[in-house]
1. Which ones in the range 1-24 are modelled with pLDDT of 90 or more and part of a loop (DSSP other than H, G, I, E, B)?
2. What's the number of the only condition in (1) over 17 Å from the mean Cα position of the chain (by Cα); (2) surrounded by 10 or more Cβ atoms within 10 Å (Cβ to Cβ) that residue 56 fails to meet?
3. Restricting to helices (runs of 4 or more DSSP H) lying wholly in the range 62-105: which have 2 or more residues that are at pLDDT 90 or above, within 11 Å of the chain's Cα centre (by Cα) and more than 23 Å from residue 51 (Cα to Cα)?
4. Conditions first: (1) modelled with pLDDT under 90; (2) surrounded by 10 or more Cβ atoms within 10 Å (Cβ to Cβ); (3) in a helix (DSSP H, G or I). Residue 40 passes all but one, so which condition is the exception?
5. Could you figure out which of (1) within 27 Å of residue 9 (Cβ to Cβ); (2) surrounded by 11 or more Cβ atoms within 10 Å (Cβ to Cβ); (3) in contact (Cβ under 8 Å) with a residue 24 or more places away in the chain isn't true of residue 73?
6. Any residue in the range 7-31 that's over 29 Å from residue 93 (Cβ atoms) and outside the structural domain of residue 88 (by TED's automatic domain parsing): show its pairings with residues that are surrounded by fewer than 11 Cβ atoms within 10 Å (Cβ to Cβ) and at pLDDT 95 or above at Cβ separation under 7 Å, as long as the two are six or more apart or on different chains.
7. Can you confirm whether residue 27 is out of contact with any strand residue (DSSP E or B) (no Cβ under 7 Å at 6 or more places or on another chain), in a helix (DSSP H, G or I) and over 29 Å from residue 2 (Cβ atoms)?
8. Quick one: in the range 15-30, of everything that is under 17 Å from residue 83 (Cβ atoms) and out of contact with any helix residue (DSSP H, G or I) (no Cβ under 8 Å at 6 or more places or on another chain), which residue is surrounded by the most Cβ atoms within 10 Å (Cβ to Cβ)?
C-alpha cells in the first residue's frame, strides 16, 4: 500500500500550498462530480473492456485485440508527464515489474 500512502502524502502537501479560497472551489467541484454519479460507469479491476484502438505517437495504431492475443495485460491511463500522480503510479509499477512478469503480464 506504499503507493496509496505516497499519493495521500503528496496530495496533503499540495493542498498546503494552495490558498483556502481555491481549495474550496476545487473541493466543491470534486464533490459535485461525486454527487453527479460521474464515476459509476468507470471500468474497475477485473471488468471486461470493450475492444478499442488508439493512435500512437509514432503514427501507428494500438489494437486491444492484438495485445490480448499475446496474453493478459495492464491498462494504465497516463495523463502526461505534467501529472505527478501518474508519474508516481508509473514509478510504483516499475518497482513491481518483476511481479507483473511473473504473472505473464
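The values are calculated or read from the model by the stated rules, or taken from the named source; none is laboratory data. The shown structure was predicted, so the numbers you read here are calculated from the model rather than taken from an experiment. Methodologically, a virtual Cβ is constructed for each residue, glycine included, from the backbone with ideal geometry; neighbour enumeration extends over all protein chains shown.
1. 17, 18, 19, listed by residue number.
2. (2)
3. Fully inside the range 62-105 and qualifying: 84-95.
4. Going through the list (1) modelled with pLDDT under 90; (2) surrounded by 10 or more Cβ atoms within 10 Å (Cβ to Cβ); (3) in a helix (DSSP H, G or I), residue 40 breaks only (2).
5. Going through the list (1) within 27 Å of residue 9 (Cβ to Cβ); (2) surrounded by 11 or more Cβ atoms within 10 Å (Cβ to Cβ); (3) in contact (Cβ under 8 Å) with a residue 24 or more places away in the chain, residue 73 breaks only (1).
6. none
7. Taking the combined requirement at face value, the residue does not satisfy it.
8. Taking the range 15-30 as the starting set, the residues that turn out to be under 17 Å from residue 83 (Cβ atoms) are 15, 17-18, 26, 30.
When the remaining residues are screened for being out of contact with any helix residue (DSSP H, G or I) (no Cβ under 8 Å at 6 or more places or on another chain), the result is 17, 26, 30.
Details: 17: 6, 26: 12, 30: 10.
Of everything passing the filter in the range 15-30, 26 is surrounded by the most Cβ atoms within 10 Å (Cβ to Cβ).
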